[in-house]
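Colleague: I'd like to ask some things about the structure below.
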């Protein structure tokens with residue numbers, strides 16, 4: 001047990017995952033805790049400490065090189081989480097890198113959760129060897145990490161890559177950010193549920209989903225579509241069209257080799273990605289057509305984000 | 001006359017400019033020729049050769065390190081101009097770097113005209129010292145160069161940065177590229193003229209522009225607006241709104257320090273850039289608000305593109 005290890009922490013809207021990772025990207029120990037349900041931010045930090053510190057002690061403090069954290073609205077330059085609408089601590093600036101560093105007694109670096117996943121895919125996953133790609137997370141929200149020339153685009157202020165807040169539908173649906181028509185309002189797990197509930201209210205189609213009115217989840221829509229439920233399939237098609245249109249615009253900016261999908265809704269696989277590919281191609285400028293690969297994350301579940309976060313340490 | 005020089009060539013939709021530039025970015029000799037009006041591509045290359053070669057001979061071939069070319073739809077990786085809708089040779093692939101190299105007898109490198117301008121601004125102009133910015137050219141078409149982490153984003157295939165073909169208005173006006181609603185169809189010099197002619201047909205406003213129906217230019221709209229013509233001012237406001245909305249989406253992707261405007265329509269200055277700033281801010285996600293500078297190119301006329309193209313040589 002003499003190898004150097006890095007702690008990777010992925011703070012999500014619902015759950016927080018962590019792992020102790022070696023330089024080869026092997027997760028030696030893995031664990032997690034709910035992000036929600038804590039009395040306050042301090043209580044969450046205490047739970048995180050209690051979950052991780054025993055592992056640090058077990059492998060020996062000397063072997064732990066530091067912690068990397070991925071979190072929504074995380075800023076690489078400042079180490080802060082800023083106004084994250086999908087976390088329990090909304091509307092505030094949280095000095096998360098400092099809090100985690102103090103709690104664990106190791107150096108800590110923070111970045112956006114989607115940026116962490118992009119780094120994970122680039123080093124260990126579907127984007128291995130790629131220099132230009134876009135990682136899109138379809139979870140509680142929609143996040144993204146843009147890699148160009150082999151480097152993550154952080155932007156001037158560390159906040160680059162908010163594809164979820166590109167306006168997909170002008171004057172469209174209200175988004176959690178307070179504006180209207182953001183991609184996230186349509187193509188996140190929350191967004192697709194919104195579409196389903198709205199269509200059930202407005203339309204009279206016969207569909208399995210009608211039994212679940214008010215308690216629909218992205219998973220239920222996915223299952224219904226797999227059973228051939230035509231409304232569920234239409235919901236995926238509608239979601240894919242908005243995603244494909246918006247991605248076609250993103251391609252015109254960074255011209256990536258691939259777009260890699262990650263997160264809960266991406267688990268729908270071809271059900272979502274096939275129509276996304278179709279609508280992407282239909283909307284692309286001719287010079288980009290038939291060039292961009294549409295891929296699903298090659299890393300199990302939360303691993304990409306944990307691995308990417310841990311890679312910040314090296 | 002012993003200093004090493006680079007040839008910078010800027011091939012535009014209407015005119016082609018060139019210069020012999022030293023390492024300090026001083027243009028020692030400058031010249032130009034029309035891009036249009038030649039019998040064919042070969043005739044253009046002959047004219048270009050006849051215009052430039054005497055200057056090469058005069059300074060001495062030994063001092064000329066090579067030529068850099070900026071051209072619409074120019075590909076840095078291949079040296080080709082591909083399907084440029086705003087050049088006389090449409091719908092074909094032109095091996096321009098090779099043609100120029102053969103004609104001038106020097107090594108030649110090619111890039112997109114807007115990318116060349118971005119490099120020019122970064123090394124010698126308004127973006128000096130910036131690592132993250134967007135250069136937008138508002139000329140016959142709309143082009144762009146995205147710089148992140150101090151590097152131009154070329155993308156996987158060398159075609160990144162086509163902001164002019166981001167869909168600004170879904171199902172909007174027909175664009176030269178064959179699709180609908182591209183930014184270029186509204187906010188290029190051609191686009192703003194289209195708006196003016198269309199409004200004159202549809203509306204009955206009293207306006208100076210009515211005397212110019214059918215022969216309106218971006219310059220005439222600019223002059224009318226400066227005289228306080230309310231239709232002309234409204235045309236700028238409409239154009240600025242579409243530009244501001246689309247730029248707000250681009251900011252969400254690369255989070256730049258500044259957006260720098262360049263080209264014929266950018267000469268309208270505050271008349272265009274003040275409302276662009278207003279609509280940009282109104283459409284930005286909160287984390288980006290009041291951070292992005294809106295600037296006009298600091299380099300005279302075609303110099304940014306010539307300087308940027310010449311910088312490819314070093």
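Colleague: What strands (runs of 3 or more DSSP E) completely inside region B:84-187 contain at least 2 residues that are away from every other protein chain (no Cβ under 12 Å)?
Modeller: Once the strands (runs of 3 or more DSSP E) in region B:84-187 are filtered for at least 2 residues that are away from every other protein chain (no Cβ under 12 Å), what remains is B:108-112, B:133-138.
Colleague: Scan region A:54-74 for residues that are more than 15 Å from residue A:22 (Cβ to Cβ) and touching a strand residue (DSSP E or B) at 6+ places or on another chain (Cβ under 6 Å) and report the count.
Modeller: Qualifying residue count for the region: 5.
Colleague: Is there any pair linking a residue in region A:212-230 that is not assigned by TED's automatic domain parsing to the domain that holds residue A:267 to one that is buried (at least 16 other Cβ atoms within 10 Å of the Cβ), with Cβ under 6 Å and at least six apart or on different chains, and which?
Modeller: Here the result reads none, with nothing in region A:212-230 linked to a residue that is buried (at least 16 other Cβ atoms within 10 Å of the Cβ).
Colleague: Tell me yes or no: at least one residue of region A:260-278 is on the phi > 0 side of the Ramachandran plot and at pLDDT below 95.
Modeller: Within region A:260-278, one or more residues are on the phi > 0 side of the Ramachandran plot and at pLDDT below 95.
Colleague: Go through the residues of region B:24-41 one by one and say whether even a single one is closer than 13 Å to residue B:309 by Cα, surrounded by 14 or more Cβ atoms within 10 Å (Cβ to Cβ) and in contact with a helix residue (DSSP H, G or I) (Cβ under 7 Å, 6 or more places away or on another chain).
Modeller: yes
Colleague: May I ask you to say which residue of A:242, A:208, A:233 is in contact (Cβ under 8 Å) with a residue 40 or more places away in the chain and either more than 14 Å from chain B (Cβ to nearest Cβ) or farther than 27 Å from residue A:81 by Cα (or both)?
Modeller: Testing whether each residue is in contact (Cβ under 8 Å) with a residue 40 or more places away in the chain and either more than 14 Å from chain B (Cβ to nearest Cβ) or farther than 27 Å from residue A:81 by Cα (or both) leaves just A:242.
Colleague: Okay, next question. Checking residue A:45 against (1) under 29 Å from residue A:123 (Cα atoms); (2) touching a strand residue (DSSP E or B) at 6+ places or on another chain (Cβ under 8 Å); (3) at pLDDT 95 or above, only one condition comes out false. Which one?
Modeller: With respect to (1) under 29 Å from residue A:123 (Cα atoms); (2) touching a strand residue (DSSP E or B) at 6+ places or on another chain (Cβ under 8 Å); (3) at pLDDT 95 or above, residue A:45 is out only on (2).
Colleague: Kindly indicate whether any position in region A:182-193 is out of contact with any helix residue (DSSP H, G or I) (no Cβ under 6 Å at 6 or more places or on another chain) and free of Cβ contacts under 8 Å to residues at least 24 places away in the same chain.
Modeller: No, region A:182-193 has no match at all.
Colleague: Might you check whether a residue that is more than 18 Å from residue A:217 (Cα to Cα), assigned by TED's automatic domain parsing to the domain that holds residue A:245 and modelled with pLDDT under 95 occurs anywhere in region A:180-191?
Modeller: No, because not a single residue in region A:180-191 is more than 18 Å from residue A:217 (Cα to Cα), assigned by TED's automatic domain parsing to the domain that holds residue A:245 and modelled with pLDDT under 95.
Colleague: Okay, next question. Among the residues of region B:89-110 satisfying the criterion of being closer than 19 Å to residue B:143 by Cβ and either in contact with a helix residue (DSSP H, G or I) (Cβ under 7 Å, 6 or more places away or on another chain) or modelled with pLDDT under 90 (or both), which is surrounded by the most Cβ atoms within 10 Å (Cβ to Cβ)?
Modeller: B:110
Colleague: Can I ask one more? So, in region B:62-83, of the ones that are more than 12 Å from every other protein chain (Cβ to nearest Cβ) and surrounded by fewer than 24 Cβ atoms within 10 Å (Cβ to Cβ), which residue ends up farthest from residue B:306 (Cα to Cα)?
Modeller: B:62
Colleague: Quick one: which of B:236, B:262 is in contact with a helix residue (DSSP H, G or I) (Cβ under 6 Å, 6 or more places away or on another chain) and within 28 Å of residue B:151 (Cα to Cα)?
Modeller: It is B:262.
Colleague: For region A:130-146, check the following and say yes or no: at least one residue is at pLDDT below 95 and closer than 21 Å to residue A:25 by Cα.
Modeller: Scanning region A:130-146 turns up at least one residue that is at pLDDT below 95 and closer than 21 Å to residue A:25 by Cα.
Colleague: Quick one: residue B:249 ticks every box in (1) in a helix (DSSP H, G or I); (2) more than 17 Å from residue B:282 (Cα to Cα) except a single one, so which number is it?
Modeller: (2)
Colleague: Next question. Does residue B:70 satisfy the condition of being part of a loop (DSSP other than H, G, I, E, B) and either in contact with a helix residue (DSSP H, G or I) (Cβ under 7 Å, 6 or more places away or on another chain) or more than 19 Å from residue B:303 (Cβ to Cβ) (or both)?
Modeller: no
Colleague: I've got another one for you. Just the residues that are touching a strand residue (DSSP E or B) at 6+ places or on another chain (Cβ under 8 Å) and more than 19 Å from residue B:43 (Cβ to Cβ), please, taken from region B:75-96.
Modeller: Listed by number, the residues that qualify are B:75, B:76, B:79, B:80, B:82, B:83.
Colleague: I've got another one for you. So which residues in region B:260-306 are within 13 Å of the chain's Cα centre (by Cα), in contact (Cβ under 8 Å) with a residue 60 or more places away in the chain and not in a loop (DSSP other than H, G, I, E, B)?
Modeller: Scanning region B:260-306 gives B:260, B:261, B:262, B:264, B:265, B:266, B:296, B:303, B:304, B:305, B:306.
The values are calculated or read from the model by the stated rules, or taken from the named source; none is laboratory data. Keep in mind the model is a prediction, meaning the values are calculated, not measured. Note that we place each Cβ from the backbone using ideal geometry, even for glycine, and neighbour counts take in every protein chain shown.
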